[in-house]
Amino acid sequence: MKEESKIVAQKPLLQQALVSGSYSLYLNLDDLPNEEWRDIPGYDGIYQCSNYGRIKSLSREYKRQTKHGFVVGYTKEIIKKPTKIKVKNSNSEFLYISLSVDGVRKTDTVSQWVGTTFIGDKKRGYHFQHINKNSLDNRLCNIEQVKIKVSKSNDHKHKKREVHNYKYLPKAKLKITRDDGKVFTYSEIVDEYGRAAYFNILKGYNVRGRKWSVCLL
């Protein structure tokens, strides 16, 4: 936990990802604490998925056919940026990523890539869903394989859908400290500096000429 808190405090990009509720949006190649990478089934040596819900395109050589013959090229190792899509007639959002090999492209939600990589192929009549109902939280610990009928029944019982807007879900508990050592709560920052200042602090900016540090509790 101390190691993770240190990284969160030092990396504004990671702080921005946490504000949105998803590590999948953190595109820095540096590994997160205890991050584990595995080849995505069917894409060995091409794409990998991590237990944080991040998907990596590996550095590799490729050949592309042109009218003059084959051209050899090389790809750089990058973390693929998911596309956020809003569910029609709702406030729900979820993340999609497309993978391509030999000209064949397949698009699926990040949760499905995580599930097939770490849990296994989907059984007939089952699907992968988010345990905490936050469709942007694609960590392995938040993905489970359940019967579709059971999932729909639970959603109807609690008047919820499998995909929900992260704005209505509990956020990570943060400790925010000013450069003079004083610790602030969300309410105290809003009262003294305004709501916009709170999000600027999470992004790693100085506010009112003061430096701030943010870590997970």
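Could you look through region 169-196, keep only residues that are in a loop (DSSP other than H, G, I, E, B) and of a type in the set (A, V, I, L, M, F, W, C), and pick out the one that is modelled with the lowest pLDDT? Talk me through it step by step, then tell me what you get.
So the first thing to find is which residues in region 169-196 are in a loop (DSSP other than H, G, I, E, B), and the list is 169-173, 179-182, 185, 194.
Now drop any that are not of a type in the set (A, V, I, L, M, F, W, C), which leaves 169, 172.
Working: 169: 37, 172: 50.
Result: 169.
Inside region 50-87, can you point out the residues that are part of a strand (DSSP E or B), polar (S, T, N, Q) and either under 28 Å from residue 144 (Cβ atoms) or modelled with pLDDT of 85 or more (or both)? Once the filter is applied, which keeps residues that are part of a strand (DSSP E or B), polar (S, T, N, Q) and either under 28 Å from residue 144 (Cβ atoms) or modelled with pLDDT of 85 or more (or both), region 50-87 yields 50, 57, 83. On inspection, residue 110 passes the criterion of being in contact with a strand residue (DSSP E or B) (Cβ under 7 Å, 6 or more places away or on another chain) and surrounded by 15 or more Cβ atoms within 10 Å (Cβ to Cβ).
Suppose the filter is touching a helix residue (DSSP H, G or I) at 6+ places or on another chain (Cβ under 7 Å), modelled with pLDDT under 80 and either loosely packed, with under 12 Cβ neighbours inside 10 Å or among the aliphatic types (A, V, I, L, M) (or both); does residue 216 pass it?
On the way: touching a helix residue (DSSP H, G or I) at 6+ places or on another chain (Cβ under 7 Å): yes; modelled with pLDDT under 80: yes; either loosely packed, with under 12 Cβ neighbours inside 10 Å or among the aliphatic types (A, V, I, L, M) (or both): yes.
For residue 216, the condition - touching a helix residue (DSSP H, G or I) at 6+ places or on another chain (Cβ under 7 Å), modelled with pLDDT under 80 and either loosely packed, with under 12 Cβ neighbours inside 10 Å or among the aliphatic types (A, V, I, L, M) (or both) - is met.
The values are calculated or read from the model by the stated rules, or taken from the named source; none is laboratory data. Note that this is a predicted model, so its numbers are computed, not measured. Neighbour counts run over all protein chains shown; Cβ positions are idealised from the backbone, glycine included.
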